[in-house]
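Shown next, in structure tokens, is the structure this report addresses.
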Amino acid sequence: MKFAIIGSGPAGSSAAYYLSKDGHEVVLIDPKGPNEKTCGGGVPSKSLGRFPEFYKDFIPAETLLEDMVFAFDGSDLCEISMPQGMGIFSRKNHDNHIFQKALKEGATYLQETFKDCERSEAGWIVKTNQQELFVDFILGADGAVSRVRNKLAKKLPREAYFKAIDYLVTHPNLPLHIGFDKKLNGYLWVFPRENNCSIGIVDFDDDQAQRMKFLDDYLARFNVPESEIVKKRSALIPSLRKQDLKEHEISGENWALVGDAAALAEPITGEGIYYAIYSSWLFADCLRKSEDYNKRWKSEFRLIVQEAHISRTSYKFLNRGFIKFFLKRSSLLRKMTGEHLAAFETGRTHRIKFFMSLPLIAVQALFSKSVKV
Ligand SMILES: Cc1cc2nc3c(=O)[nH]c(=O)nc-3n(C[C@H](O)[C@H](O)[C@H](O)COP(=O)(O)OP(=O)(O)OC[C@H]3O[C@@H](n4cnc5c(N)ncnc54)[C@H](O)[C@@H]3O)c2cc1C
């Protein structure tokens, strides 16, 4: 089959890799190619271990972090160990690595912009800013505000997204941490990387000016001059709610969506690189086995998506510092949080385990000393 894959981020490039490997003809279309996207670049170890075809020859040991620091109101710190660590990568390097694998498997790349598509007798006519292509199948991997999805499926409401801002800073020595603050309805991250640092906020509230002011004030604490802020960017991250799930279709006759275009991102953290690759793997697997991708997605992702409403309330607790008391005193709570961050333990099982552990967490909180870093 001949595929047009729109978007060469982790979803598009990994899909191009799997489909080319399976003998399909693949054209990857993206005006930018791999670039330094608006993103923290954090990839949990679950993803690194799950996809050795992309990561086994990529991860430099020094970019694997074993501990994450939680900061409350900018100062009160608590260290969380993550089993097997988390990689924090430059998106340009990360995406380029997967992109090159796809090209090596035989995919071709067009540096063009997808504009529109219409059905032809045999398949699709894909219209870019430069030409028309005839293909059998369109795979939309064009990110959170996907033109392919808006054309072929239902547009997502704004409420089904996290709102995010991200500053790319050249300052190399900022302290790695995730920040919680009562002014936020989400969280803040400071992720130092090889050559730069990503500092940003994901939040459910729609007040962009307030978010930027908060980040400007936060950066001022680290004495980062304006000249070291290379870019200030805003973006959306899908965070499906239960009500979105009912009508959310990610495939149809000779088309499908993967990654952010399919709105697949973790609802509590907003991390989507793992789901971008996973959904592409799932799509290719369904194609091989002649299974219905839409059905399989729903059965595999339903529980994750149902967490969305929980994430929206959990930030209220986290940001009000209520949880800080318990995190700093309970080693069990720190362990479970680390497992969640490393994405080894998520979903209903993790939730049940968490609720069953509450009495022990409470006992530890009452009788243990507070940890400090
Ligand atoms: C501020 C922020 C921080 C984040 N931090 C993290 C993190 O630390 N860890 C994590 O796992 N996830 C993070 N995410 C989420 C992560 O960035 C996405 O989930 C991930 O990039 C999804 O991959 P994708 O391939 O589906 O889409 P993308 O990476 O967005 O790729 C889409 C591609 O489509 C191309 N495209 C768009 N329109 C067209 C068109 N019309 N024609 C052709 N090509 C087109 C774009 O150029 C782009 O290359 C963050 C997101 C944001 C906004």
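General observations
- All conditions but one from (1) in contact with a strand residue (DSSP E or B) (Cβ under 8 Å, 6 or more places away or on another chain); (2) under 23 Å from ARG158 (Cα atoms) apply to VAL230; the one that does not is (2).
- Qualifying residue in segment 170-185 (condition: hydroxyl-bearing (Ser, Thr, Tyr) and within 14 Å of the ligand (Cβ to nearest atom)): no
- Pairing residues of segment 9-24 that are in contact (Cβ under 8 Å) with a residue 24 or more places away in the chain with residues that are more than 16 Å from the ligand (Cβ to nearest atom) and outside any helix (DSSP H, G or I), at Cβ distances under 8 Å and at least 6 apart in sequence or on separate chains, gives ALA16/GLU105; TYR17/GLU105; SER20/GLU105; SER20/GLY106; LYS21/GLU105.
- When we screen LYS232, LYS246, LYS183 for residues that are surrounded by fewer than 23 Cβ atoms within 10 Å (Cβ to Cβ) and in a helix (DSSP H, G or I), the only hit is LYS246.
- Scoring ALA122 on the criteria (1) hydrophobic (A, V, I, L, M, F, W, C); (2) modelled with pLDDT of 95 or more; (3) in contact with a Phe, Trp or Tyr (Cβ under 9 Å, 6 or more places away or on another chain) leaves a single failure, condition (2).
- Meets criteria (closer than 21 Å to SER90 by Cβ, more than 22 Å from the chain's Cα centre (by Cα) and more than 11 Å from the ligand (Cβ to nearest atom)) for GLU253: no
- Conditions (1) farther than 14 Å from ALA15 by Cβ; (2) surrounded by fewer than 18 Cβ atoms within 10 Å (Cβ to Cβ): number failed by ARG288: (1)
- Search result, residues across segment 99-150 that are surrounded by 15 or more Cβ atoms within 10 Å (Cβ to Cβ) and among the hydroxyl-bearing types (Ser, Thr, Tyr): TYR109, THR113, THR128, SER146
- Here ASN195 clears all of (1) modelled with pLDDT under 85; (2) touching a strand residue (DSSP E or B) at 6+ places or on another chain (Cβ under 9 Å) except the condition numbered (2).
- Segment 7-47, subset basic (Lys, Arg) and either in contact with a Phe, Trp or Tyr (Cβ under 8 Å, 6 or more places away or on another chain) or within 11 Å of the ligand (Cβ to nearest atom) (or both), residue nearest to ILE165 (Cα to Cα): LYS37
- Filter pass, LYS298 being in contact with a helix residue (DSSP H, G or I) (Cβ under 9 Å, 6 or more places away or on another chain) and part of a strand (DSSP E or B): no
The values are calculated or read from the model by the stated rules, or taken from the named source; none is laboratory data. Just so it is clear, the structure is predicted and the values come from calculations on it, not from any experiment. Here Cβ is always computed from backbone atoms with ideal geometry, including for glycine, and neighbour counts include all displayed protein chains.
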